[in-house]
1. Residues that are away from chain D (no Cβ under 13 Å), over 17 Å from C:Ala22 (Cβ atoms) and of a type in the set (D, E, K, R): does the stretch C:124-134 have at least one?
2. Show me the helices (runs of 4 or more DSSP H) entirely contained within the stretch A:158-257 in which 3 or more residues are within 14 Å of chain C (Cβ to nearest Cβ) and at pLDDT 70 or above.
3. Given C:Phe121, C:Phe111, C:Phe193, which one is aromatic (Phe, Trp, Tyr) and under 15 Å from the mean Cα position of the chain (by Cα)?
4. Please enumerate the residues belonging to the stretch A:135-161 that are among the small types (Gly, Ala, Ser) and within 19 Å of A:Leu23 (Cβ to Cβ).
5. Can you name the condition, by its number, that A:Thr117 falls short on among (1) within 13 Å of chain C (Cβ to nearest Cβ); (2) among the polar types (S, T, N, Q); (3) part of a loop (DSSP other than H, G, I, E, B)?
6. Just checking, does the stretch A:70-78 include any residue being surrounded by 24 or more Cβ atoms within 10 Å (Cβ to Cβ), within 14 Å of another protein chain (Cβ to nearest Cβ), in contact (Cβ under 8 Å) with a residue 24 or more places away in the chain and not aliphatic (A, V, I, L, M)?
7. So which residues in the stretch A:31-61 are over 17 Å from the mean Cα position of the chain (by Cα), surrounded by fewer than 21 Cβ atoms within 10 Å (Cβ to Cβ) and within 30 Å of B:Gly95 (Cβ to Cβ)?
8. Within the stretch B:57-80, can you find the residues that are touching a Phe, Trp or Tyr at 6+ places or on another chain (Cβ under 6 Å), within 28 Å of D:Ile104 (Cβ to Cβ) and not hydrophobic (A, V, I, L, M, F, W, C)?
There are 4 protein chains.
Amino acid sequence: MKETFIKILEEVELNDPILIEALPGIGHVGKLAADHIIHELNATKFAELYSPSFPPQVLVDDDGVVETMKNEFYYLKSEGKKEKDFIILAGNTQGLSPEGQYEICSIILDFVEKYGTKEIFTLGGLGTGHPVDKPKIFGAATSIEIAEILKKHNVTLRSADGGIIGASGLLLGLSMLRNMKGACLMGETPGYFIDAEAAKALLSVLLELLDIELDTEKLEERAKETRKMISKAEQMEREMMERMHLKPGEEDLRYIG
Amino acid sequence: MKETFIKILEEVELNDPILIEALPGIGHVGKLAADHIIHELNATKFAELYSPSFPPQVLVDDDGVVETMKNEFYYLKSEGKKEKDFIILAGNTQGLSPEGQYEICSIILDFVEKYGTKEIFTLGGLGTGHPVDKPKIFGAATSIEIAEILKKHNVTLRSADGGIIGASGLLLGLSMLRNMKGACLMGETPGYFIDAEAAKALLSVLLELLDIELDTEKLEERAKETRKMISKAEQMEREMMERMHLKPGEEDLRYIG
Amino acid sequence: MKETFIKILEEVELNDPILIEALPGIGHVGKLAADHIIHELNATKFAELYSPSFPPQVLVDDDGVVETMKNEFYYLKSEGKKEKDFIILAGNTQGLSPEGQYEICSIILDFVEKYGTKEIFTLGGLGTGHPVDKPKIFGAATSIEIAEILKKHNVTLRSADGGIIGASGLLLGLSMLRNMKGACLMGETPGYFIDAEAAKALLSVLLELLDIELDTEKLEERAKETRKMISKAEQMEREMMERMHLKPGEEDLRYIG
Amino acid sequence: MKETFIKILEEVELNDPILIEALPGIGHVGKLAADHIIHELNATKFAELYSPSFPPQVLVDDDGVVETMKNEFYYLKSEGKKEKDFIILAGNTQGLSPEGQYEICSIILDFVEKYGTKEIFTLGGLGTGHPVDKPKIFGAATSIEIAEILKKHNVTLRSADGGIIGASGLLLGLSMLRNMKGACLMGETPGYFIDAEAAKALLSVLLELLDIELDTEKLEERAKETRKMISKAEQMEREMMERMHLKPGEEDLRYIG
């Protein structure tokens, strides 16, 4: 595998679908929110993306079955005929290198553009590094007009205090070069655990903006499971890294298993 | 050399060979186990793989002769006519960059697929970072069915506590995209020395699964030699790294000799 | 996006334009100086450069609007008919990887060469790591003749005490392979804040060398704004990095948002 | 510049030239020895190699003139008609990434092979990290036969205590895939300064092996100059790195100037 590629699982026609991106990131806020939409509204997976810029590893699920690193495209048909459909981009990883991120995000935009996508919402977490009482939702947009709309939905504009790193930022930036429009929404989070509170707050703003109805009660439940799974994985990884840092001569073992 | 390539040393026909991967990794557990099979059963080397993603260096053997960084393919014919043959993948290194790992693993799978490989076992170590009394064997599989078989052979399923990093994980993940099936077996090991105990435990499970008979007595002996050789190398490397860390301005000298 | 590319915004003819490079770097000294020229003399943006080697992120402006990572080409017509025009290269980032820097700088030189560029000035800061009373201007040139001219303008030659890292150095080096000529000017700066003093000192030498007249009073004002904006961004980034360093297992989150 | 390339300065015919590699590395031992040969025997530069995997920077010489990062090929005609000529590979840098090192070394071997090179000597330092009384010369070879010859010239075989990192190792390893033969010679050195003693010891073994006569007296003098120049550069770089390490948010500034 020398190039990022998309494997199409189902041919589908979509009506000007809005892209909702929620790849794993700080506090898994965006991922949690998007996974909730996918499950509650029975979104259908129709494509998978694989990339040589993903981490060279696999995950293992609860049954001991190997899971490859990938991004996944789900579609969600809206009920009204004239309404826009949705494409939800989820997955278990992001590209590691800058060049990989640029390649992957460009391929994602090429792909959704073929379905007619002109709008894009990217979801993420904004890590504060300290406990958060009632998570604010931060945002940035591709135009002042959209930024104004965000403000009306109680989104705090990110206004010049730092960039948006990773796919959430890059997809938005690259979409501007294609005359797409959109926004990034970030749930405020301490950042060092799976944050269902932030995801819930993020989700409620997103649903309002997209005019979707959805019960967010089960989100906390889903968060518990995910939290358990990921904290284990992180503990593992942390131990590996610590061992490596103690023994600098083996630093390269990171990619060796 | 801009691309990974395989140099074929002997043309051979194999009967649906099972791939056994054992590249160097944590505790050299997998490598030790596979090297033992290769030597005891007189497996024949038939191909070598070279890659620009390998470390830019050479090793030196006991006679002062330079050894290039490479992966090696050995075959092992099974005695019964209808039995499956084996391809053993060994070597002295793995790819350094994520992109390199993906390229190398894809080329490995392309190569063995031509010989008819549909099954794959990857071997590795699972580092605990602390002393291990009686090494457990951990495992993960490409399907629930195979995971169940592993359990019957006293393999502890890795179930969701971290991924499998490097070739052992990636080969398995990429094989799933080709409808191959297989499993990863990992010997529990402290991780900071050549662990013959873990290799022995790993080997006995593997031999059981593959229905191969083999004396594992000499494994401890082989481990002693390897241990001596590698600990020297590690000491050397550690000293280099320490000197570099003390003198940050020379960090880049890592690739300079 | 797999390749660096330049998007031309305006077709323009220029008279042997002198390239002035001032991408962000230590103390933002060069950038500050060039931005001042651009604004005070109303230079016109005529092209933008995008690269997959830029950081995989976006910035956000004061209105909450996303800004993509890019380099920008401005032109400035000189008033006299026979005088040389100017191309000013500004932007919000540089390439991250060595390979990316080489690619980007080569594409920049290809581009300006088409307009007839034969001379090049690159601007930067020279970080001392400690407070600076009255910033000196350091310099290096593509020939002894130009080095002598620099000396006459009170530029201290950098003479063999370290190289010039990044676009300021590389553009100059690569320009020599094309028989262009030029110099790098670096304002002495502590290096850890936006340094308007250094920029002012740098600008006055540059204006002298280029025989341009320009009021440098407003530079301090502009510096204040920029300083405010960038220190916020840096604080943000620093917090992110610190959190990451505390939690080594999440190091890769750097590219995840 | 997307690819490594060689610029030929003089067309020349050589008689089965022996390649002597001495790119900068630990203690600059190899570089010092080779530079001495080049100057004392008036070797002629006939080609330069440029690569996007070199550090994205320039050096500055004593006159404030910029020097690009490059490798340089010199030839040295032997006096006897039937004797082999020499190609000496010197320069101010090596490739930074593994992939870059592989690409550069392959291109170097392609290049010298065209001139008929079948033998190769690579020179380097072996860093001990502590003071060295009388520097030993360590070595490794492409065959047992050559290793035996080295031993007869008082070279200590490196025998399995670590590899040879960088161009000195990699050129030798890759040359074996082309059926060239050769050896690496390494002068024992503390490693943290320009080591003329080690270079002198290395040179005397090399001259013996190649049957060249040369006065090594001036080597110490040359070392003094080089030492002065490089220690300045290192001090500079160290200061930069220290500042960066104190301010993690600016880590990327490494490539920014």
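1. Yes, the stretch C:124-134 contains a residue that is away from chain D (no Cβ under 13 Å), over 17 Å from C:Ala22 (Cβ atoms) and of a type in the set (D, E, K, R).
2. A:167-176
3. Answer to the check: C:Phe121.
4. Of everything in the stretch A:135-161, those that are among the small types (Gly, Ala, Ser) and within 19 Å of A:Leu23 (Cβ to Cβ) turn out to be A:Gly139, A:Ala140.
5. Tallying (1) within 13 Å of chain C (Cβ to nearest Cβ); (2) among the polar types (S, T, N, Q); (3) part of a loop (DSSP other than H, G, I, E, B), A:Thr117 fails exactly one: (1).
6. Yes, some residue in the stretch A:70-78 is surrounded by 24 or more Cβ atoms within 10 Å (Cβ to Cβ), within 14 Å of another protein chain (Cβ to nearest Cβ), in contact (Cβ under 8 Å) with a residue 24 or more places away in the chain and not aliphatic (A, V, I, L, M).
7. The one that is over 17 Å from the mean Cα position of the chain (by Cα), surrounded by fewer than 21 Cβ atoms within 10 Å (Cβ to Cβ) and within 30 Å of B:Gly95 (Cβ to Cβ): A:Asp61.
8. Once the filter is applied, which keeps residues that are touching a Phe, Trp or Tyr at 6+ places or on another chain (Cβ under 6 Å), within 28 Å of D:Ile104 (Cβ to Cβ) and not hydrophobic (A, V, I, L, M, F, W, C), the stretch B:57-80 yields only B:Lys70.
The values are calculated or read from the model by the stated rules, or taken from the named source; none is laboratory data. Note that the coordinates shown come from a computational prediction; the quantities given were computed from them, not determined experimentally. Every residue, glycine as well, gets a Cβ built from its backbone with ideal geometry; the counts of neighbours run over all protein chains shown.
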